[in-house]
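The values are calculated or read from the model by the stated rules, or taken from the named source; none is laboratory data. What you are looking at is a predicted structure, and each value in this text was computed from that prediction instead of being measured. FYI the Cβ positions are ideal-geometry reconstructions off the backbone, even for glycines, and counts take in every protein chain you see.
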Amino acid sequence: MVNSEYERRIAARFTTFDQDGNGHIDRSDFSGAAKALLAEFGVAARSDKGQALYGGAEALWQGLAGIADRDGDQRITLEEFVTGAVKRLRDKPDRFAEIARPFLHAALAVADPADDGTVTVANAARALTAFGVPGDAAGPVAAALDTDGDGRVGEAEVVPAFARWFTVPE
């Protein structure tokens, strides 16, 4: 099933989305990620930021399911994930960026107590850890997102980086 190096790298990303580790991706993985981020930053689920995050999580789930859930069972298997990514997104990272944008926008807002549209690199690392990125990797990944070196990370940096991570084999 997973033959090329690109497919192996995409398959490795599957575990990031499979938040509960049950072997498939479904809506609960996205709502679980939202819940974890809200808990990390002490933001209430019923707040405007909390509701925006859950809405963004649902939009990301719907977009990914539309690309990858070939049998319509509301679960994405590893095979569906790899096939969906390879066949539908490899040459179109901008498409995935637009699917992910509402969730990433809302996630940044949750991690942004100053409400200025950016988060500190430290808060970006906290968010990544809440999403399941190991602590020793979260800091360097967050720092790499700060492409202009100002110590803050914004949507203009996060959205394309997320799309590249998902769609580009390197």
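Would you pick out the residues in region 66-98 that are closer than 18 Å to Arg9 by Cβ, assigned to a helix (DSSP H, G or I), at pLDDT below 80 and of a type in the set (D, E, K, R)? Lys87, Arg88, listed by residue number.
Can you tell me which residue in region 1-57 is nearest to Asp116 (Cα to Cα), limited to those that are hydroxyl-bearing (Ser, Thr, Tyr) and part of a helix (DSSP H, G or I)?
At the first step, the residues of region 1-57 found to be hydroxyl-bearing (Ser, Thr, Tyr) are 4, 6, 15-16, 28, 31, 47, 54.
From what is left, the residues that are part of a helix (DSSP H, G or I) are 6, 15-16, 28, 31, 54.
Values: Tyr6: 37, Thr15: 32, Thr16: 28, Ser28: 30, Ser31: 25, Tyr54: 21 Å.
Top of the filtered list is Tyr54.
Does Val159 meet the test of being in contact with a Lys or Arg (Cβ under 8 Å, 6 or more places away or on another chain), of a type outside the set (Asp, Glu) and closer than 27 Å to Gly66 by Cα? Working first, answer last.
On the way: in contact with a Lys or Arg (Cβ under 8 Å, 6 or more places away or on another chain): yes; of a type outside the set (Asp, Glu): yes; closer than 27 Å to Gly66 by Cα: yes.
Yes.
Of all residues in region 118-170, those that are surrounded by fewer than 17 Cβ atoms within 10 Å (Cβ to Cβ), in a helix (DSSP H, G or I) and of a type in the set (S, T, N, Q) total 0.
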